[in-house]
Each structure stands twice: as structure tokens, then as C-alpha cells.
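Notes to accompany the following structure.
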Amino acid sequence: MDGNDQMTGAESLVRTLVKSGVSVSFSNPGTSEMHYVAALDRVEGMRCVLGLFEGVCSGAADGYYRMTDKPAATLLHLGPGLANSAANLHNAKKAGSGIVNIVGEHATHHIKYDTPLTADIEGIAKPFSHWVKTSPNPGTVGKDGAAAVQAARQGCGQIATLILPADCAWTPGGEVAEPLPVPSQSKPNADTVKAAAKALSSGEPAMLLLGGRALRARGLELAGKIAAKTGCKVQGSGGTARLSRGAGRVQITRLHFVVEQAQAMLKGMKQIVLVGAKEPAAFFAYPGKPSILTPEGCTLTKLCAVEDDCEAALEALAAELGATGLQPAGVAQPKRPDKPSGKFTLDGLGQALGAVLPEGAIVIDESVTTGRGFFPFSAGAPPHDWLNNMGGSIGFGAPVAVGAAVACPDRKVICMIGDGSAMYTIQALWTMARDNLDVCVIIFANRSYQILYSQLSDVGAPNPGPRAIDMLTLDRPTLKFAELAKGMGVEGAQAHDLEGLNKQLHYAMNSKGPYLIEVVM
């Protein structure tokens, strides 16, 4: 290449992304993105992971960011491709994950003909993005790419969507842009820290409610020191993008999904200090039940928002309280449950997992109803990370497991999914096989949308009759996940009791590469 005037817009974008620290692209390309695809052959430093469905790509980018704090790119085809990715972009946005979406568009001169794939791509992107732009010509593509990466790295992480018209991609005149600086996260001022310290030192029952990066190992350690000083309770919010757990770490629980149980966890609190968390609220509205779960007469004090520097906020609060030199309270001691036996029970499933969880494991939890009580059985397992669905959109688990495994190839990823949820993004198994990702997928096959049975009662719906029950069951025909997995290149087997599950887990934890266990409940 003699000069930048010979570089296409597409190549300038790939080179800019790599220069800005984006080294992975989860991709599902189409015709409009072919020049971007071709540019990948000419540029070193970008790993491309193919997904068979755009929701796999966006979910994988979410999982990758949660484990690296670095944005990955997605490559999506026009408006429908972006729309297919939207559910997991919603989850990623709620989790504070940084992602750079590259969305192909028709050539600028072709849009006016309103051909079948023409769509309002910016309109589709805006609800799921913090930053959206369409590159107007090849000369701006590199600068737009650098700005997209900058936007994705803002705060705790944002969704940036760059729309690339085909003629801007194929036309020469592209220029590689330099990485743009990212402002540091906001830190609390002295008055805010003093107010939080006063709330926790009031002598009234008090709680630190943690979310975001306050739930990483250092944040939990600081929270434990503050608890040792003040006697406050340390509680995780209902959704946790990434929670550091296991022996040697401060042990906390998540605020329960069920309103009555969440209220019981907050009962009696007079002071709640929010650290990267919002005021506690019910997941849904229910007749006769409150939306806000904070006890009456309780005062809320906001130390920092999720996009702020939560660790620095806790450092400042610990220093203000004179707790920095204390040993943290609530540290989990090393302990594993015995391997269970007999028929499947919810406690038995939790025990089976806790008995084998390896050090450094990354647990992706979309087990919905089945896994709600698993925490006590893995609290003393070797240190690990636990990732939950922050946005509530189904089909989160397997794609996020793909991204986590790409991000951390030396760590075992364990993905727990309900059978209904698994079918939303089952294509992720193929990507696991293609890239030989070290993921153990556990599917809890209760043959129903089990969570919806309780929701019928909670929302005050009439007692379900045959038609309603039929809408909640996943039989006729019965899904055969071990066979589906094998069809996509993933070895798998069924477990029909706890002894069988123990055997399957032992095999999966001591093998490399993808493996699926179908827990037939």
C-alpha cells in the first residue's frame, strides 16, 4: 500500500479498532459487510468468532466485557441483524458492558430505493445504545471508530453502535485514527463520603447495598472492613453483573427475586447506603404488592452510582470510618459440601455444583427458578466469579458463556440454564464447538416454563386451566438437549439422578473443551 488514499474505509476501521484496543469481533456478517470481512485478512490483531445468530454475538460481547473490562466488537447485518441482537444488547446495557457494534448499511446511493433490507438502523439502535452514528464517507470511518471505542469505555461501560454504509466501506480514502482518551470514573466528594459514614455510624440498623464493580473482590473486602467497624449488613443487589465469591472472600447474598423474601432481607433497616446500586425495587409489578422494597422509615444515602468508581468510593468510606486496617467481616472459609445422592432436589443440585467447582471458575447463571438457592453450597468453594442476567431478557446464558470463555481461556466456564431459556440461543453451542471453548453447559430440563407457574399466582391471574397449562409446558415433543448438542459438535449426556450428575460433572471439570449435561428433572 502506497498511502492512505489506497486504504478503504473498512480497512481503516479495522485498523483503528485494533489500535484502540479492540481485539475480538463476534460476527455474523452479510453482503454489506463483505469489505469489512475482507479487511480482516489484511489486518493483524483481530480475532473473529463466528455466531450463527446475532443474539449470540451480542451476548458473547457482554460476557467478554464482564471478564476483561475491555469492549469487543460485534459485526451485524443491516437493521434485521441488529434487531436480532437487541435482546442481549438490552442485557448488556443493564449490566454496564461496553460493546462496539459495527452494523452494515446499504450504500448511501441505494437506500432511496427501499429494497427489502432497508430499515431505520439508527432508530433500531437507539433504545439499546448510548452512542449511535452513521459514517458519512470513507474519510470519517476511522475517526468514527475511535469515537465508538471511546464511548464504549465510558463509565462502567456503554453500548456504541457505528453504522457503516457499504460504499463508505469499499471506497478508498480511509484513514487510521489514533485512540481517544477516556475520562476517569467519577469519585465521591468529601461531603458524600461523610454522609455515608454518618448513616452507617448512626447506631441504627444499617446496610451497605452493593452493585456494579463494588461486587468485585477488592470492593467486597472493603465492604467487609466497613462492616467490621460499624456492624452494618453487607447485601448484594438483585442483579449482579459479576460477583466475586468463594473461600477467602466476603460472603454476601443477592436481594431475592420474590417480593416477600426481598422484603424480609431488608426488614428493620433504618439506613441503607447505595454503592453502585439503585433503590431496591420489585422485578415486576404485582397487585397489592409494593414496587419499592425499602422499609418504611428507612433513609437512603447514595455513595456512588454504578457508572462511578465504586472501589474508590469504598476506599474513601473505609478511610473516613477508620476501617482500612481492620480484618473484613463475613469472610467465607474453605468448605465444600459432600457429593449428594438420590433423586434430584434443588439443594442436591446446589451441593453437586459446590462439591466440584474448580478454582477460577466462571459461573454463568440463567438457571431461573432452579438455581435460586445454590449460593450457600458454593460459598466456601475455591475463589470464582458468578455472572447473572441483569436485563431479564431470556437467552443470556450460553452466549455470555461464549464471551467469557474467549476472554479467559485458562478458566473453566460453567453455564447453568433452564430448558426454556436454552432454546432462545441454542446456536451458541455451535460456536463453543467451533472454537473449542472450555464451557460446561448444564441444562435443567424440567420440561416447562417453571417460573411462570408462580408468576400466574403472583399477578393474581385465575387458576390456570388446560389451555393456560399447555402454554407453560415444554413437552409434546420433549426436547432432547444432549442430542441437540451432539448435532452441533458438542459432546453431551443426560443425568437422571444426583449420582449420575456427580459423574458427569467430574468428567466435565477434568476435561477441556465444551461439554453439555442435560439434567432430566
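Only residues that are crowded, with 19+ Cβ neighbours inside 10 Å, of a type in the set (A, V, I, L, M) and part of a loop (DSSP other than H, G, I, E, B): list them for segment 471-520, please.
Correct list: Met488, Val490.
Looking at segment 18-53, which of its residues are in contact with a Cys (Cβ under 9 Å, 6 or more places away or on another chain) and surrounded by fewer than 18 Cβ atoms within 10 Å (Cβ to Cβ)?
Of everything in segment 18-53, just one residue is in contact with a Cys (Cβ under 9 Å, 6 or more places away or on another chain) and surrounded by fewer than 18 Cβ atoms within 10 Å (Cβ to Cβ), namely Leu50.
Which condition number in (1) touching a residue at least 40 places away in the same chain (Cβ under 8 Å); (2) not in a loop (DSSP other than H, G, I, E, B) is the one that Ala262 fails?
(1)
Just wondering, is there one or more residues in segment 463-478 that are at pLDDT 95 or above and acidic (Asp, Glu)? Give the derivation first.
If we filter segment 463-478 for residues that are at pLDDT 95 or above, which is where we start, we get none.
No: zero hits.
May I ask you to list the residues in segment 280-295 that are of a type outside the set (A, V, I, L, M, F, W, C) and out of contact with any strand residue (DSSP E or B) (no Cβ under 6 Å at 6 or more places or on another chain)? Show your work before the answer.
First pass over segment 280-295, keeping only residues of a type outside the set (A, V, I, L, M, F, W, C): 280, 286-291, 294-295.
Once the filter is applied, which keeps residues that are of a type outside the set (A, V, I, L, M, F, W, C) and out of contact with any strand residue (DSSP E or B) (no Cβ under 6 Å at 6 or more places or on another chain), segment 280-295 yields Pro280, Tyr286, Pro287, Gly288, Lys289, Pro290, Thr294, Pro295.
Report, by residue number, each residue of segment 390-413 that is within 19 Å of Gly492 (Cβ to Cβ) and surrounded by fewer than 24 Cβ atoms within 10 Å (Cβ to Cβ).
Within segment 390-413, Lys412 is the sole residue that qualifies.
Report those helices (runs of 4 or more DSSP H) wholly inside segment 1-114 carrying at least 1 residues which are of a type in the set (D, E, K, R) and under 30 Å from Phe283 (Cβ atoms).
Filter on segment 1-114 gives 54-68, 78-95.
Give the residues of segment 322-362 that are of a type in the set (S, T, N, Q) and buried (at least 21 other Cβ atoms within 10 Å of the Cβ), sorted by residue number. I'd like the intermediate steps shown before the answer.
Pass one, segment 322-362, residues of a type in the set (S, T, N, Q): 324, 327, 333, 341, 345, 351.
The one that is of a type in the set (S, T, N, Q) and buried (at least 21 other Cβ atoms within 10 Å of the Cβ): Gln351.
Please go through segment 294-313 and pick out each residue that is assigned to a loop (DSSP other than H, G, I, E, B) and within 24 Å of the chain's Cα centre (by Cα).
Filtering segment 294-313 down to residues assigned to a loop (DSSP other than H, G, I, E, B) leaves 294-298, 305-309.
Once the filter is applied, which keeps residues that are assigned to a loop (DSSP other than H, G, I, E, B) and within 24 Å of the chain's Cα centre (by Cα), segment 294-313 yields Ala305, Val306, Glu307, Asp308, Asp309.
Inside segment 320-357, can you point out the residues that are among the aliphatic types (A, V, I, L, M), touching a residue at least 40 places away in the same chain (Cβ under 8 Å) and either farther than 30 Å from Ile517 by Cβ or assigned to a helix (DSSP H, G or I) (or both)?
Our first condition is that a residue be among the aliphatic types (A, V, I, L, M); within segment 320-357, this holds for 321, 323, 326, 329, 331-332, 346, 349, 352-353, 355-357.
From the residues that got through so far, the ones that are touching a residue at least 40 places away in the same chain (Cβ under 8 Å) too are 321, 323, 326, 329, 331-332, 349, 352-353, 355-357.
Leu321, Ala323, Leu326, Ala329, Val331, Leu349, Ala352, Leu353, Ala355, Val356 - these are the residues of segment 320-357 that are among the aliphatic types (A, V, I, L, M), touching a residue at least 40 places away in the same chain (Cβ under 8 Å) and either farther than 30 Å from Ile517 by Cβ or assigned to a helix (DSSP H, G or I) (or both).
The values are calculated or read from the model by the stated rules, or taken from the named source; none is laboratory data. Since we're looking at a predicted model, the values are computed, not measured. Don't worry about glycine lacking a Cβ; one is built from the backbone with ideal geometry, like all the others, and counts go over all protein chains shown.
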